[in-house]
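A short write-up of the structure that comes next.
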Amino acid sequence: MFLSVFDMFKVGIGPSSSHTMGPMVAAARFLDRLRASPFRAHGLRASLHGSLAFTGVGHATDRATILGLAGFVPDTYDAAKAETTLAQIRANHRIDAPGLDTLAFDPEQDLVFDYGPALPGHANGMILRATDAQGDVILEETYYSIGGGFVLTAAEAADAGGQKSKVRANVPYPFEAAKDMLEMAKASGLTVAQLKRANELKFRTAVDLDQGMDRIWQVMTDCISRGMQGTGILPGGLRVRRRAKGIHDALIAERGLNMTAPHVINDWMSLYAMAVNEENAAGGQVVTAPTNGAAGVVPAVIRYYLDHVPGASEARIGDFLLTAAAIGGLCKHNASISGAECGCQAEVGSAAAMAAAGLAAVLGGSPMQVENAAEIALEHHLGMTCDPVKGLVQVPCIERNALGAIKAVSAASLALRGDGDHLVSLDACIETMRQTGRDMNDKYKETSLGGLAVNVPNC
């Protein structure tokens, strides 16, 4: 299975890739099916299951589903237009989706949060239905939002489970494990980024690849900049105050005072990550890296590299992203990047591994050192639960990204101090994450039924 750099890094909207972007993508796919159907639909219904139900309101899953059914998609999302459309749907109980007749849809009646057992294919399940004039169902599809904005139908999910280890991608370097990646790098003399680039060029031109990565970084850095200027209280009811601007202003004021402690560099890394995740929590434009909940780690480490490392060059950002995407693809293929499936180890843990690998690569690390950096970063996130207070991607998510970025930089630095030889392989670490996620109690997997979510007041 080939996972592109543009699969791991997707432009979207906050606050959640699996709970906001995924349902919007699923709804858009359902509209495509409806347009191709010979039946004339008169109404729409939707039901949210498992984690999508338990934390759906906090993650704006209801809004995302409605907007998706109205024709919105994450990559071209227009916030102002979305607000107007939502208000009209709630007032008129009608949806006007492009290419379809006006469809009846009452958000209060036709969007159901089902708090019963999760659907069998994944913790994040939803069922979309189209009805005729009598209210009978004429088209139905089950979708699973499997993390990072990826969406599968029930049939696709079943097929993916059966074919996962049997089908190899038709690319020059089809590595499905870190061991394969290192062997191919050694045999070819290529870096991880070069292996990944060769695979990408099987599907797109070099110009398209480079321009696409330039856009990814531009959205990331713009998000950091907006986050460092944002003020006020984040939405959702927890009354979490945005802190990035205050931290940024204080750090700028301290420059040149000749009294800054060395550990203040951690504050800069934390600032960049928190700026992104405050934007995400506010529903702004972000890049999945590999998810929205972990969106701050990779851009924070890239910004740290550019702004604080002597000799850093923007020309190396593509190598950073390609290397990070290679590691993220291994995490997704062999375990998960979904908090609802494997806890936050799969989100911030995977993001830290990606960022550590990317940084090690642009600092001149060998493929073995890059793999070692990813392993160190992931190993020290193993077992981390996903327990968002009130189902919002705010507490502990925002600060967790900050610490993930710091861990990533430390992991890369440690790996570069060695020769790449180490005891625990990245493959063993990813398999441990998969097993830990499988054994983890469901209340610690993005349901807000355990951990901090039940030990912190929700108001």
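The values are calculated or read from the model by the stated rules, or taken from the named source; none is laboratory data. Note that the coordinates shown come from a computational prediction; the quantities given were computed from them, not determined experimentally. We place every Cβ from the backbone using ideal geometry, glycine too, and count neighbours over all the protein chains shown.
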### Message
So if I check each of 257, 251, which one is in a loop (DSSP other than H, G, I, E, B), without any contact (Cβ under 8 Å) to a residue 24 or more places away in the chain and not β-branched (Val, Ile, Thr)?
### Response
257
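Yes/no matrix, rows are residues, columns are (1) more than 16 Å from the chain's Cα centre (by Cα); (2) farther than 28 Å from residue 4 by Cβ; (3) in the same structural domain as residue 22 (by TED's automatic domain parsing); (4) not in a helix (DSSP H, G or I):
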residue	(1), (2), (3), (4)
238	yes, yes, no, yes
262	yes, yes, no, yes
289	no, no, no, yes
294	no, no, no, yes
299	no, no, no, no
302	yes, no, no, no
323	yes, no, no, no
### Task
Kindly establish whether residue 33 is under 29 Å from residue 322 (Cβ atoms), in contact with a strand residue (DSSP E or B) (Cβ under 7 Å, 6 or more places away or on another chain) and not acidic (Asp, Glu).
no
### Query
Is it true that some residue in the range 311-321 is of a type in the set (Val, Ile, Thr), part of a helix (DSSP H, G or I) and buried (at least 24 other Cβ atoms within 10 Å of the Cβ)?
no
### Task
Output the residues belonging to the range 189-219 that are touching a residue at least 60 places away in the same chain (Cβ under 8 Å) and of a type in the set (Ser, Thr, Tyr).
191
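The rows are residues; the columns are (1) in contact with a helix residue (DSSP H, G or I) (Cβ under 8 Å, 6 or more places away or on another chain); (2) free of Cβ contacts under 8 Å to residues at least 40 places away in the same chain; (3) assigned to a loop (DSSP other than H, G, I, E, B); (4) over 25 Å from residue 204 (Cα atoms).
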site: 12; (1), (2), (3), (4): yes, no, no, no
site: 15; (1), (2), (3), (4): yes, no, yes, yes
site: 18; (1), (2), (3), (4): yes, no, no, yes
site: 21; (1), (2), (3), (4): yes, no, no, no
site: 25; (1), (2), (3), (4): yes, no, no, no
site: 29; (1), (2), (3), (4): no, no, no, no
site: 35; (1), (2), (3), (4): no, no, no, yes
site: 40; (1), (2), (3), (4): no, no, yes, yes
site: 44; (1), (2), (3), (4): yes, no, no, yes
### Message
Of all residues being among the β-branched types (Val, Ile, Thr) and touching a Leu at 6+ places or on another chain (Cβ under 7 Å) in the range 414-459, which is farthest from residue 364 (Cα to Cα)? Just the residue, please.
### Response
436
### Query
Is it the case that residue 372 is surrounded by fewer than 23 Cβ atoms within 10 Å (Cβ to Cβ) and more than 18 Å from residue 19 (Cβ to Cβ)?
no
### Message
So, residue 372, is that one under 19 Å from residue 148 (Cβ atoms) and either in contact (Cβ under 8 Å) with a residue 24 or more places away in the chain or not assigned by TED's automatic domain parsing to the domain that holds residue 292 (or both) or not?
### Response
no
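Taking the stated definitions as given, is residue 268 in contact (Cβ under 8 Å) with a residue 24 or more places away in the chain, over 17 Å from the mean Cα position of the chain (by Cα), closer than 30 Å to residue 6 by Cβ and assigned to a helix (DSSP H, G or I)? Spell out the reasoning first.
On the way: in contact (Cβ under 8 Å) with a residue 24 or more places away in the chain: yes; over 17 Å from the mean Cα position of the chain (by Cα): yes; closer than 30 Å to residue 6 by Cβ: yes; assigned to a helix (DSSP H, G or I): yes.
Considered against the rule, which asks whether it is in contact (Cβ under 8 Å) with a residue 24 or more places away in the chain, over 17 Å from the mean Cα position of the chain (by Cα), closer than 30 Å to residue 6 by Cβ and assigned to a helix (DSSP H, G or I), residue 268 comes out as yes.
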### Task
Please determine, by comparing only the residues of the range 162-220 that are among the polar types (S, T, N, Q) and either part of a loop (DSSP other than H, G, I, E, B) or closer than 24 Å to residue 298 by Cα (or both), which one is modelled with the lowest pLDDT.
165
### Summary
The correct count of residues that are under 25 Å from residue 335 (Cα atoms) and hydroxyl-bearing (Ser, Thr, Tyr) in the range 107-148 is 4
### Task
Sort through 131, 102, 142 and tell me the only one that's closer than 18 Å to residue 39 by Cα, in contact with a strand residue (DSSP E or B) (Cβ under 9 Å, 6 or more places away or on another chain) and surrounded by 14 or more Cβ atoms within 10 Å (Cβ to Cβ).
131
### Query
Among all residue pairs at least 6 apart or on different chains, which show Cβ distances below 6 Å where the first residue, located in the range 286-311, is hydrophobic (A, V, I, L, M, F, W, C) and the second is surrounded by 24 or more Cβ atoms within 10 Å (Cβ to Cβ) and in a strand (DSSP E or B)?
295/286
### Task
Evaluate the following for residue 113: is it part of a loop (DSSP other than H, G, I, E, B) and under 24 Å from the mean Cα position of the chain (by Cα)?
no
### Query
Just checking, how many residues over the range 68-91 are within 18 Å of residue 280 (Cα to Cα), part of a helix (DSSP H, G or I) and charged (D, E, K, R)?
2
### Query
On the given criteria, is residue 395 surrounded by 24 or more Cβ atoms within 10 Å (Cβ to Cβ), of a type outside the set (Ser, Thr, Tyr), closer than 22 Å to residue 288 by Cα and in the same structural domain as residue 306 (by TED's automatic domain parsing)?
no
### Task
From 425, 410, grab the single residue that is at pLDDT 95 or above, surrounded by fewer than 20 Cβ atoms within 10 Å (Cβ to Cβ) and touching a Lys or Arg at 6+ places or on another chain (Cβ under 8 Å).
425
### Message
Against the conditions (1) surrounded by 18 or more Cβ atoms within 10 Å (Cβ to Cβ); (2) modelled with pLDDT of 95 or more, where does residue 157 fall short? Just the number, please.
### Response
(2)
### Task
Find all pairs meeting these conditions: Cβ atoms under 7 angstrom apart; at least six residues apart or on different chains; first residue within the range 78-93 and in the same structural domain as residue 105 (by TED's automatic domain parsing); second residue surrounded by 14 or more Cβ atoms within 10 Å (Cβ to Cβ) and aromatic (Phe, Trp, Tyr).
82/72; 89/105; 93/105
